[in-house]
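S.K.: Before we start, here is the structure in question, set down as structure tokens.
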Amino acid sequence: MEKSVFFVASNPFNPDPRAEKQMITLLKGNYNVYGIGWDRDKNADYTYDMPIGIKVYEIGIKSSFGSGLKNLIPLIKFNIKLLFKLIKFNKKIDIIHSVNLDTGLVSIFFAKLFHKKIIYDIYDYYVDAFPVPNVLKKNVKKLEDMVISKSDLTVIPIDYRKSQIKDAKPNKLDIIYNTPNYSSSRNIKKYLKMYVPNKINISFVGALVPDRFLDELIDISKERNDVFFHIAGFGSENLVNKIKNSSSNIKFYGKVSYDDGLAISNISDIMIAMYNPSVKNHKYSAPNKFYEALFLGKPIVVSNGTGIDSFVKKYDVGYVVDYSKRSFELFLDSIDKANLVDFKKRNQALYKNKFSWIEMEKTILTSYKNL
């Protein structure tokens with residue numbers, strides 16, 4: 001008998017590249033797959049079908065990303081609605097695939113109450129990634145460690161996250177890299193006409209939130225005419241407005257599908273994943289863009305002290321610079337654009353040999369089968 005998996009997250013699934021790739025893998029493995037997400041731009045629930053044929057139930061509660069404690073009341077409302085949705089679909093659910101602590105507590109409560117299997121997927125470890133008040137950090141950490149320990153399987157996106165959850169006792173632990181699927185290449189040439197000749201084209205595709213070097217990129221776009229930035233994503237309304245009203249050296253694509261995001265990255269000479277190392281969670285960063293840069297054969301720029309810098313140095317697949325506007329500008333001054341193509345063969349070979357989605361699919365399907 002086919003089993004049904006419900007992916008549960010506090011974000012919408014359009015896009016959620018990590019969830020979407022796992023969903024597609026499970027469809028291939030003959031699972032029924034559904035999603036329950038949170039659309040923070042809407043005030044009403046709705047249902048839609050993803051292009052891959054998966055039904056998603058979006059909970060509509062107005063809120064915003066990166067708003068700290070202002071998000072607490074909407075988060076509580078979302079979790080109450082989430083619990084009622086899970087109870088409504090109880091007879092359909094065999095496995096819950098829960099993302100992060102903001103769905104983990106309700107999911108573990110439901111799973112234990114109704115005897116369901118639960119997979120806990122840690123995109124970000126909560127106390128290190130979100131603005132939890134200091135007085136609550138110890139208790140929030142204990143709650144997340146409890147969710148990890150009581151889940152049937154815990155999933156992390158990169159090896160060095162093991163040290164981040166060292167106080168928990170996962171029953172089983174998998175590492176699923178945020179790496180692209182070969183099939184994502186179908187629209188890869190879609191935006192090539194947007195390339196700006198005689199400039200260094202740099203892409204940023206992802207969450208538009210503070211501490212991702214976006215303010216600095218905006219300033220650089222105003223001050224220099226030798227670079228052009230291709231930016232896509234969604235998140236902080238303040239940042240989105242600043243990008244839209246910045247300079248002629250930025251093209252803003254807005255919220256795009258995963259395939260379009262990959263095609264936008266393919267325009268660039270360089271991809272960027274600059275995270276502020278003073279944010280503790282960034283020391284364990286596992287950006288999709290690192291693996292996408294390998295897949296596309298592009299050099300990537302990352303920050304010193306952000307975890308992923310060790311991978312970039314180890315495999316020589318890009319550049320590591322300090323998280324400052326001055327350091328980034330010195331890096332730009334040092335670039336010989338003609339040498340950037342040297343990364344293509346090395347990066348793509350590393351993707352194929354170590355970080356391919358084919359290997360991730362094997363891990364996912366084996367782990368689900370063993371539940």
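The values are calculated or read from the model by the stated rules, or taken from the named source; none is laboratory data. Not measured: the values here are computed from a predicted model. In this analysis, Cβ positions are derived from the backbone assuming ideal geometry, glycine residues included, and neighbour counts consider all displayed protein chains.
S.K.: Confirm whether T179 is more than 22 Å from N276 (Cβ to Cβ) and without any contact (Cβ under 8 Å) to a residue 40 or more places away in the chain.
M.R.: no
S.K.: Can you report the number of residues in region 1-56 which are in contact with a Leu (Cβ under 9 Å, 6 or more places away or on another chain), free of Cβ contacts under 8 Å to residues at least 60 places away in the same chain and of a type in the set (G, A, S)?
M.R.: Summing the residues that are in contact with a Leu (Cβ under 9 Å, 6 or more places away or on another chain), free of Cβ contacts under 8 Å to residues at least 60 places away in the same chain and of a type in the set (G, A, S) in region 1-56 gives 1.
S.K.: Could you tell me which of the residues I158, I175, I165 is under 21 Å from A111 (Cβ atoms) and in contact with a helix residue (DSSP H, G or I) (Cβ under 9 Å, 6 or more places away or on another chain)?
M.R.: Going through I158, I175, I165 in turn, the sole match is I165.
One line per residue, one yes/no per condition, for (1) charged (D, E, K, R); (2) within 22 Å of the chain's Cα centre (by Cα); (3) part of a helix (DSSP H, G or I):
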| site | (1), (2), (3) |
| --- | --- |
| E292 | yes, yes, yes |
| V302 | no, yes, no |
| Y319 | no, yes, no |
| Y323 | no, yes, no |
| S327 | no, no, yes |
| L340 | no, no, yes |
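S.K.: Can you tell me which condition D342 does not meet? The list is (1) touching a Phe, Trp or Tyr at 6+ places or on another chain (Cβ under 8 Å); (2) of a type outside the set (G, A, S); (3) loosely packed, with under 14 Cβ neighbours inside 10 Å, and all the others hold.
M.R.: (1)
S.K.: Next up: For F311, are the conditions met, namely being within 17 Å of the chain's Cα centre (by Cα), among the hydrophobic types (A, V, I, L, M, F, W, C) and part of a helix (DSSP H, G or I)?
M.R.: no
S.K.: Let me ask something else. Which number in (1) modelled with pLDDT of 95 or more; (2) crowded, with 21+ Cβ neighbours inside 10 Å; (3) closer than 30 Å to K3 by Cβ; (4) not aromatic (F, W, Y) marks the one condition that N288 misses?
M.R.: Result: N288 passes all but (1).
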